[in-house]
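Reviewing the structure listed below.
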Amino acid sequence: MLTIGAFAKACRLSPKALRLYDELDLLRPAKVDPDTGYRYYAVGQLERARLVAWLRRIGMPLARIREVAALDAEAAAGEIRTYWARVEAETAQRRDLAGFLVDHLSSAARTDPPVLGLRYAAHSDPGRVRPENQDTAYAGTRLLAVADGFGPEGAPVSSAAVAALRSLETREIPAGDVLNLLEETAHNATEAATADSGTTLTALLWTGSRLALVHIGDSRAYLLRDGGLFRITEDHTLVQSLIDEGRLTVEEASSHPQRTLLLKALGTTLPDLRLHDTRPGDRYLLCSDGLSSVVPDHRIRALLTSAATPEEAVRTLIAAANGAGGPDNVSCAVADVVEATDAVADAGDLAG
Ligand code: MG
């Protein structure tokens, strides 16, 4: 038997922590002297105590530690992996939010760099299989938007969501207010949703030097910059949350039977909001899952890179989705960031 002091030293927990874990039934002493109240621990308890100490060091809450400590080694390893994946996902979200706040607070003081503009095109295609097009795609001088409606009223709901955002196109918006306005507008657009119909919404609003992103659901926004393709949205789907938790690999997700199951859609929760710094030469793509579920990222990158204009990019991307069977409605909106004098629209197109 070890005294509490000796045991504490051996397992690197403080006597105070050991008394707390006793009270919480996390680590009971092997024996308590009935007269003095002194706690004694068995050498065989060291392993559990060390595990508790390590789990505390990675920040796991005590209630969860009690569950993990009761598992066999393999199951415990699985739980720790899941816990850590969740911590990383939450940290990433907080990092994004912190970045946004820094951005938001600095934007008031900043003078805008040389005037940039957009060249843009958008189109929505029913695909090869679906009888109706429930997607809506739009590109204008200040707005790119893609919405993927679902349910019996999917088409009017997705069209209403984009129409709500278009009301912002003609307004003078101070840079500091743009995210609030986007959130408010997205919120108003949820009135179009019904009990069994809804929509995704992914849109970029141009502030004159930067792009404000509003995003909910599994439509996507990509940035092609310096030859690299970066996805700047996160899918709000069941499979993406399983990937985040380490329960599913990206490869497994592509064939998961519930891969299209949305966790979030417009109106179910707050959308993601972010400001994006732009550079001349950037090419942005918004698309519905009718593109991204059948055309892999490397192919999207190749087609975006080789297209001379946004219009050509939209046309070839939609052709690629249809060439892969076109199982879903497919929508693309593409915009190039250019010096303002070069900003000419190729096409603004609305399909619902
Ligand atoms: Mg779709």
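The values are calculated or read from the model by the stated rules, or taken from the named source; none is laboratory data. Predicted model only: the values in this text are computed from it and were never measured. All Cβ positions, even for glycine, are placed from backbone atoms using ideal geometry, and neighbour counts span all protein chains on display.
Here is how the numbers come out for the structure above:
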read-out	value
Residue, farthest from the ligand (Cβ to nearest atom), within region 302-325, restricted to residues that are in contact (Cβ under 8 Å) with a residue 40 or more places away in the chain and buried (at least 21 other Cβ atoms within 10 Å of the Cβ)	Pro310
Sole residue being surrounded by fewer than 22 Cβ atoms within 10 Å (Cβ to Cβ) and out of contact with any Gly (no Cβ under 6 Å at 6 or more places or on another chain), chosen from Gly154, Gly217, Gly176	Gly176
Test: residue in region 185-201 that is under 15 Å from Asp272 (Cα atoms), of a type in the set (A, V, I, L, M), modelled with pLDDT of 85 or more and surrounded by 18 or more Cβ atoms within 10 Å (Cβ to Cβ)	yes
Flag if Thr260 is at pLDDT below 80, within 16 Å of the ligand (Cβ to nearest atom) and surrounded by fewer than 19 Cβ atoms within 10 Å (Cβ to Cβ)	yes
Residues being away from the ligand (no atom under 16 Å from the Cβ) and among the polar types (S, T, N, Q) - total across region 279-301	0
Filtered residues of region 326-341 (kept if in a strand (DSSP E or B), at pLDDT 95 or above, of a type outside the set (Val, Ile, Thr) and away from the ligand (no atom under 11 Å from the Cβ))	Cys332, Ala333, Ala335, Asp336
Conditions (1) over 29 Å from Arg86 (Cα atoms); (2) away from the ligand (no atom under 15 Å from the Cβ); number of the one not met by Glu183	(1)
Selection status of Thr170, outside any helix (DSSP H, G or I) and in the same structural domain as Thr305 (by TED's automatic domain parsing)	yes
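Yes/no matrix, rows are residues, columns are (1) small (Gly, Ala, Ser); (2) in contact (Cβ under 8 Å) with a residue 24 or more places away in the chain; (3) assigned to a loop (DSSP other than H, G, I, E, B):
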residue	(1), (2), (3)
Phe7	no, yes, no
Ala10	yes, yes, no
Leu20	no, no, no
Asp25	no, yes, yes
Pro34	no, no, yes
Glu74	no, no, no
Thr82	no, yes, no
Ala85	yes, yes, no
